[in-house]
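Notes follow once the structure below has been shown.
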Amino acid sequence: MDEIFKQQIYEITRLIPKGRVSSYGAIAKAVGYPNHSRHVGKAMGGCPEDVPAHRVISSSGVLSVPEFQKRLEAEGITVENLRIKDFKKLFWNPLEEI
């Protein structure tokens, strides 16, 4: 995976506000690579600590990484059965909000 692509993903992800979530697909679109959501997921796997990877989830509102539930709940997000409650309300779309 291209290092510039990873850096773009990390930059966008750092902009997700506390208490909000985005999706792998939305991040991929924001960096100009629609349909590359899996690559975004892979990049999140080895991201720097200052990148809030816990705020990036599947487009269905389900956590891909169950361990992120505690971090999200600490930011005031309710998670039930690994699914974000009020996902649509909490969704942060970088193409609309940057």
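The values are calculated or read from the model by the stated rules, or taken from the named source; none is laboratory data. From a predicted model like this one, the values you see are computed outputs, not experimental measurements. Ideal geometry is used to build each Cβ from the backbone, glycine not excepted, and the neighbour counts take in all protein chains shown. Calculation scope for accessible area: heavy atoms of the full protein, side chains included, ligands and nucleic acids excluded. Shrake-Rupley method; radii C 1.70, N 1.55, O 1.52, S 1.80 Å.
From the list 72, 82, 63, pick out the single residue that is over 23 Å from residue 8 (Cβ atoms), more than 12 Å from the chain's Cα centre (by Cα) and surrounded by 15 or more Cβ atoms within 10 Å (Cβ to Cβ). Step through it out loud before you land on a result.
Working: 72 fails: more than 12 Å from the chain's Cα centre (by Cα); 63 fails: more than 12 Å from the chain's Cα centre (by Cα).
Being over 23 Å from residue 8 (Cβ atoms), more than 12 Å from the chain's Cα centre (by Cα) and surrounded by 15 or more Cβ atoms within 10 Å (Cβ to Cβ) holds for just one of 72, 82, 63, which is 82.
What number of residues within the stretch 18-39 are over 9 Å from the mean Cα position of the chain (by Cα) and of a type in the set (A, V, I, L, M)?
The qualifying residues number 3.
Based on this model, can you work out whether residue 21 counts as of a type outside the set (Gly, Ala, Ser) and modelled with pLDDT under 95?
Working: of a type outside the set (Gly, Ala, Ser): yes; modelled with pLDDT under 95: no.
No.
Assuming residue 51 fulfils every condition listed in (1) open to solvent by 10 Å² or more (accessible area, probe 1.4 Å); (2) not in a helix (DSSP H, G or I) apart from one, which condition is it?
(1)
Would you be able to say whether some residue in the stretch 73-82 is assigned to a strand (DSSP E or B) and in contact (Cβ under 8 Å) with a residue 60 or more places away in the chain?
Step one: list which residues in the stretch 73-82 are assigned to a strand (DSSP E or B), which gives 79-80.
When the remaining residues are screened for being in contact (Cβ under 8 Å) with a residue 60 or more places away in the chain, the result is none.
Taking every residue of the stretch 73-82 in turn, none turns out to be assigned to a strand (DSSP E or B) and in contact (Cβ under 8 Å) with a residue 60 or more places away in the chain.
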